[in-house]
Amino acid sequence: MKQLLILSGKGGTGKTTVASAFIKLANAKAFADCDVDAPNLHLLMNQISQPIISDYYGMDKAFIDTVKCKSCGMCKENCGFDAIKLVNEEFKVDYFSCEGCGVCEEICSFDTITLRPDVAGKLTLYTKDKIFSTAQLKMGSGTSGKLVSEVKKQMKESVENADLAIIDGSPGIGCPVIASLSGVDSVLIVTEPSLSGINDMLRIIRTAKKLNVRTFVCVNKYDTNVENTNKIKSICEELNLPFVGEIPYDKEVIKAINNGHSIVDVECKAGNAVKDVFKNTMKIINR
């Protein structure tokens, strides 16, 4: 099964809009949303079946048994993250600050502190008709890259017969994006013709190159700055990267998304352009 990842480098470029269109056009049997901090692909996938929801455990968190605690304060003095607070004359752990390093457990002379598994998010898997894997990281939790890996893992383990899986990534180039890139065959970068869009596109290109992932580029809202669009095309030519198309700014996109539709579900200029981007991308993938 080939895996096509769609990334942007920054938020707001239309990455999920393009991903949802590709899923519809490919009639994909397997797809995933790896933007675990703010997943929204489900808003356009119209899932009506009940999903399988499971807990995701991130880093262990410290727990203080207040009955056994002698209030010596050694844990608070030695916590490098200021995660232990004195509340109403009892020492308690601030779970948003705790990094699970274990110093408090090691230093406690009264066996008062233990590290316990902590639910850091929820994994969601839709299995009726098509496999759709997604997740939501709990606010303030870390290990987003690990959760992304779990999202991809449950998608791959659940699908039986699929030629292509389409993955909606997250913005940026941090842990979630690196975890999304790991193991995929190709990445489509959806950029925009702005200075920040070009800069973030270049960062994604460099990251994908280090991970040996084949890369293509398309421009969304290309007609908002034709000069920068031409600059992006020149960069692709200079770096020998396939440029697979451009999508115009289209107010009908806003209406479609607000109604829970993909842009290829309605008749609009942007939807027609995405179809060409899809065809060009599939030609390269299937060579």
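The values are calculated or read from the model by the stated rules, or taken from the named source; none is laboratory data. Because the structure is predicted, anything quoted here is derived from the model rather than measured. Positions of Cβ are generated from backbone atoms using ideal geometry, with glycine treated the same way; all protein chains shown enter the neighbour counts. To get the accessible areas, we keep the full protein, side chains included, count just its heavy atoms, and leave off ligands, DNA and RNA. Shrake-Rupley method; radii C 1.70, N 1.55, O 1.52, S 1.80 Å.
Accessible area per residue of the stretch 167-274 at 1.4 Å probe, in Å²?
Details: 5090 Å² over 108 residues.
Ligands and nucleic acids excluded, the result is 47 Å² per residue.
Within a Cβ distance under 11 Å of Cys101, other residues only, what is the Lys/Arg minus Asp/Glu net charge?
Details: positive: Lys61; negative: Asp60, Glu99, Glu105, Glu106.
Cβ neighbours under 11 Å give a net charge of -3.
Under unit Cβ charges (Lys, Arg +1; Asp, Glu -1), what dipole magnitude, rounded to 20 debye, does the chain have relative to its Cα centre?
840 debye
Out of all Cα-Cα pairs in the stretch 144-287, roughly what percent, to the nearest whole number, are more than 28 Å apart?
22 percent
Considering only C-alpha atoms, what is the centroid distance from the stretch 1-68 to the stretch 246-261, in Å?
About 21 Å separates the Cα centre of the stretch 1-68 from the one of the stretch 246-261.
Rolling a 1.4 Å sphere over the protein heavy atoms, what is the accessible area per residue of the stretch 15-164, to the nearest Å²?
Values: 8130 Å² over 150 residues.
Heavy-atom accessible area per residue stands at 54 Å².
For the stretch 157-209, compute Rh as the Kirkwood radius over C-alpha pairs and then the Stokes-Einstein diffusion coefficient at 10 °C and 1.306 mPa s; write the answer in µm²/s, rounded to an integer. Don't skip to the answer; put the middle values down first.
On the way: Rh = 12.5 Å.
It diffuses with D of about 127 µm²/s by this estimate.
From the Cα gyration tensor of the stretch 28-180, with a ≥ b ≥ c the square roots of its eigenvalues, which class applies: rounded if a/c is under 1.5, or else prolate if a/b is larger than b/c, or else oblate? Please list the in-between numbers first.
Details: a/c = 3.23, a/b = 2.78, b/c = 1.16.
Prolate is the answer for the stretch 28-180, as a/c is 1.5 or above and a/b outweighs b/c.
Determine, at each q value in 0.11, 0.15, 0.21 (inverse angstroms), the log₁₀ of I(q)/I(0) that the Debye formula gives when each Cα of the stretch 10-94 is one equal point scatterer.
-0.60, -0.71, -1.04
Answer with one residue from Tyr126, Leu115, Cys98: the one whose Cα lies farthest towards the positive end of the charge dipole of the stretch 78-172, charges on Cβ with Lys, Arg +1 and Asp, Glu -1.
Tyr126
For the stretch 1-98, what does the relative contact order come out to in percent, with C-alpha contacts under 8 Å and a separation of six or more?
Values: 55 pairs, mean separation 16.1, N = 98.
Dividing the mean separation by the residue count of the stretch 1-98 yields 16 percent.
Measure off, as a whole percent, the carbon and sulfur share of the 1.4 Å-probe accessible area of the chain, all protein chains present. Write down the numbers at each step before the final one.
On the way: 7130 of 14450 Å².
C and S atoms contribute 49 percent here.
Expressed as a rounded percentage, what relative contact order does the chain have, with Cα pairs under 8 Å and six or more residues apart?
Numbers: 577 pairs, mean separation 73.9, N = 287.
Once divided by the residue count of the chain, the mean separation gives 26 percent.
Going highest first, how would you order 74-84, 146-156 by mean Cβ packing within 10 Å? All intermediate terms of the calculation are to be shown ahead of the outcome.
Numbers: 74-84: 16.3, 146-156: 21.6.
Ranking the peptides 74-84, 146-156 by packing returns 146-156, 74-84.
Relative contact order for the stretch 149-287: what percent, with Cα pairs under 8 Å and sequence separation of 6 or more?
Relative contact order of the stretch 149-287: 17 percent.
Evaluate the Debye formula for the stretch 221-280 with equal point scatterers sitting on the alpha carbons, no solvent, and hand back log10 of I(q)/I(0) at q = 0.14, 0.20, 0.24 Å⁻¹, in q order, two decimals.
Each listed q corresponds, in turn, to -0.46, -0.79, -0.96.
Between (1) 38; (2) 25; (3) 42, which entry matches percent of Cα pairs over 29 Å apart as derived from the coordinates of this structure?
Recomputing percent of Cα pairs over 29 Å apart here picks out (3).
Based on DSSP H runs of at least 4 residues, each adding -39500 (n - 2.57), what is the mean residue ellipticity at 222 nm of the chain after dividing by all its residues, to the nearest 500 deg cm²/dmol?
Numbers: 10 runs with 103 residues, N = 287.
Taken over the chain, the calculation gives -10500 deg cm²/dmol.
Treating only the Cα positions of the stretch 16-64 as identical point scatterers, give the base-10 log of I(q)/I(0) from the Debye formula at each q in 0.26 Å⁻¹.
For the stretch 16-64 at q = 0.26 Å⁻¹, log10 I(q)/I(0) is -1.17.
Which of Leu43, Leu115, Leu86 moves most in a GNM of the chain, Cα contacts under 10 Å?
Maximum fluctuation in the GNM of the chain, among the listed residues, is at Leu86.
Sort Asp129, Asp55 by heavy-atom solvent-accessible area, probe 1.4 angstrom, most to least. Walk me through the numbers on the way to the answer.
Working: Asp129 140, Asp55 65 Å².
These residues rank, largest area first, as Asp129, Asp55.
Where does each of 245-253, 190-198 land if you order them by average Cβ count within 10 Å, highest first?
Numbers: 245-253: 18.2, 190-198: 20.7.
Result, highest mean Cβ count within 10 Å first: 190-198, 245-253.
Could you work out how far helix 144-158 tilts from the main Cα principal axis of the chain, as a 0 to 90 degree angle to the nearest 10?
So the helix axis and the longest Cα principal axis differ by about 60 degrees.
So which lysines pass the test for Lys231, namely a Cα distance under 28 Å, with those fewer than 8 places away in the same chain ruled out?
Of all the lysines, those that pass the test against Lys231 - Cα under 28 Å, at least 8 places apart if same chain - are Lys10, Lys15, Lys209, Lys210, Lys221, Lys251, Lys269, Lys275, Lys279, Lys283.
Using a 10 Å cut-off on Cβ atoms, rank the peptides 225-231, 57-63, 102-108 from the highest mean neighbour count down.
Numbers: 225-231: 14.6, 57-63: 19.3, 102-108: 17.3.
Ranked from most to least packed, the peptides come out as 57-63, 102-108, 225-231.
Given a 1.4 Å probe and heavy atoms of the protein chains only, how would you sort Val67, Val266, Val244, largest accessible area at the top? Intermediate results must be reported in sequence, preceding the final value.
Details: Val67 130, Val266 50, Val244 5 Å².
Output order, biggest surface exposure first: Val67, Val266, Val244.
In debye, nearest 20: dipole of the stretch 1-60 around its Cα centre with unit charges on the Cβ of K, R (+) and D, E (-)? Don't jump to the answer; show the numbers that get you there.
On the way: 5 positive and 5 negative charges, 94 e Å.
The calculated dipole for the stretch 1-60 is roughly 460 debye.
Counting only protein chains, not ligands or nucleic acids, how are Cys98, Cys69 ordered by accessible area (probe 1.4 Å), most first? Mind dumping the intermediate values first?
Values: Cys98 10, Cys69 35 Å².
Result, largest first: Cys69, Cys98.
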